[in-house]
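These notes are about the structure you will find just below.
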Amino acid sequence: MVDVRDAAKVLAEARRVVVLTGAGISAESGVPTFRDSLTGLWERYDAQALATPQAFDDDPDLVWGWYEWRRCLIERVRPNPGHEAVAAIEARAPHTVVVTQNVDDLHERAGSAAPIHLHGSLFTPRCATCSRPAAVTACDEPEEGRRLAPPRCGQCAGPIRPGVVWFGEALSEEALETAVQEATECDVLLTVGTSGLVYPAAEIPRVAAMFGGTVIQVNPQPTPLDATAAINLHGSAATVLPALVK
Ligand code: BJW
Ligand code: ZN
């Protein structure tokens with residue numbers, strides 16, 4: 001059995017590190033994950049009715065209201081020791097790239113320099129028609145389940161949409177290419193708090209392993225990535241990650 005101290009040694013000796021994070025790293029800050037039983041967003045909401053381009057076309061007020069509720073929730077929470085440990089890894093290893101599937105800004109607030117947001121961000125809304133970036137508005141007492149008409153574009157009057165990547169949409173080519181390239185070159189890929197069910201993000205640890213990188217996984221639950229990881233650390237991000245950088 002490999003314990004956290006062995007994993008910490010492997011990480012400390014790595015020159016090139018990729019940290020891939022998912023919703024689980026923000027769970028202990030109070031941000032709900034998607035697929036956890038009982039607390040996951042997809043337990044209470046229909047992904048097809050909220051996280052697809054078709055959903056926004058069909059009911060923009062429902063979708064915009066839901067994303068504004070989530071953005072405003074995130075503005076009220078703080079990064080946790082897991083995000084802080086990721087920033088510490090970044091400060092220590094000669095070359096570290098943080099790749100996140102999360103649409104929150106908790107890595108940035110914990111001190112990570114320029115995380116790659118594979119699935120976009122709640123803080124980069126844009127026009128659904130002409131793609132022009134739009135301003136983020138102040139949050140006032142957001143309520144869960146409130147419908148809210150999206151603002152209109154100053155250029156073409158099209159509806160403003162969240163800057164996230166929905167099912168069926170392509171990820172930013174630049175973001176994905178950089179993440180995959182870094183995975184091919186890394187000594188260690190640390191995957192944290194992702195179910196490994198959403199593609200193409202779930203391929204990134206496999207690419208790292210295929211090119212000779214050591215994959216370390218941190219997750220309280222088993223995932224399809226268990227077989228890819230050389231080291232599986234079963235525990236929460238806010239407890240295991242600080243122990244990895246001790
Ligand atoms: C803890 C913890 C604690 C809890 N500490 N851990 C190949 C095969 C099959 C399907 C496909 C395929 N390729 C593409 C697809 C389709 C689709 C897909 O993957 N579907 C699968 C679900 C089957 N992919 C796409 O559509 C992607 N686009 C695409 O492929 O485009 C192709 C294309 C090319 C050219 C032109 C056009 C198209 C896009 C995917 C976008 C995903 N978007 C979402 C929503 C973003 C906006 C929003 O936030 O609402 O991204 S879905 C949702 O899932 C979100 C997440 O980033 C993503 C991943 O979830 P994550 O982070 O893993 O969270 P959970 O909840 O699943 O897991 C949490 C984990 O944390 C669990 O394991 C817990 O145990 C753990 N945990 N507490 C540590 N304290
Ligand atoms: Zn526009």
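The values are calculated or read from the model by the stated rules, or taken from the named source; none is laboratory data. Please read these numbers as outputs of a predicted model, since none were measured by experiment. Note that we place each Cβ from the backbone using ideal geometry, even for glycine, and neighbour counts take in every protein chain shown.
Of note:
- Top-ranked residue in the range 113-132 [being more than 13 Å from the chain's Cα centre (by Cα) and of a type in the set (S, T, N, Q); ranked as farthest from S26 (Cα to Cα)]: T129
- Where strands (runs of 3 or more DSSP E) fall entirely within the range 157-246, those with at least 2 residues that are closer than 30 Å to C130 by Cα and within 13 Å of ligand 1 (Cβ to nearest atom) are at 160-164.
- If the condition is being out of contact with any strand residue (DSSP E or B) (no Cβ under 9 Å at 6 or more places or on another chain) and over 25 Å from P220 (Cα atoms), then the range 177-208 contributes E177, V180, Q181, T184.
- Qualifying positions in the range 130-149 - touching a residue at least 24 places away in the same chain (Cβ under 8 Å) and either among the polar types (S, T, N, Q) or within 15 Å of ligand 1 (Cβ to nearest atom) (or both): E144
- Unmet requirement for E174, which otherwise passes all of (1) closer than 27 Å to F56 by Cβ; (2) crowded, with 18+ Cβ neighbours inside 10 Å: (2)
- G193 meets the conditions (1) at positive phi; (2) not assigned by TED's automatic domain parsing to the domain that holds A85 in every case but one. The failed one is (2).
- Any hit, the range 110-130, residues being within 16 Å of ligand 2 (Cβ to nearest atom), surrounded by fewer than 17 Cβ atoms within 10 Å (Cβ to Cβ) and part of a strand (DSSP E or B): yes
- Residue check, P125 within 20 Å of D57 (Cβ to Cβ), within 16 Å of ligand 1 (Cβ to nearest atom) and free of Cβ contacts under 8 Å to residues at least 60 places away in the same chain: yes
- Within this structure, A183 fails the test of being free of Cβ contacts under 8 Å to residues at least 12 places away in the same chain and over 18 Å from E13 (Cβ atoms).
- Look at (1) more than 30 Å from A8 (Cβ to Cβ); (2) touching a strand residue (DSSP E or B) at 6+ places or on another chain (Cβ under 8 Å); (3) in a loop (DSSP other than H, G, I, E, B) and you find that A149 fails only one, number (2).
- Condition check for G212: in the same structural domain as H83 (by TED's automatic domain parsing), surrounded by 19 or more Cβ atoms within 10 Å (Cβ to Cβ) and at positive phi: no
- Residue within the range 83-97 that is part of a loop (DSSP other than H, G, I, E, B) and closer than 21 Å to V240 by Cα present: yes
- Selection from the range 11-38 of residues that are more than 17 Å from the chain's Cα centre (by Cα) and not assigned by TED's automatic domain parsing to the domain that holds R92: S37, L38
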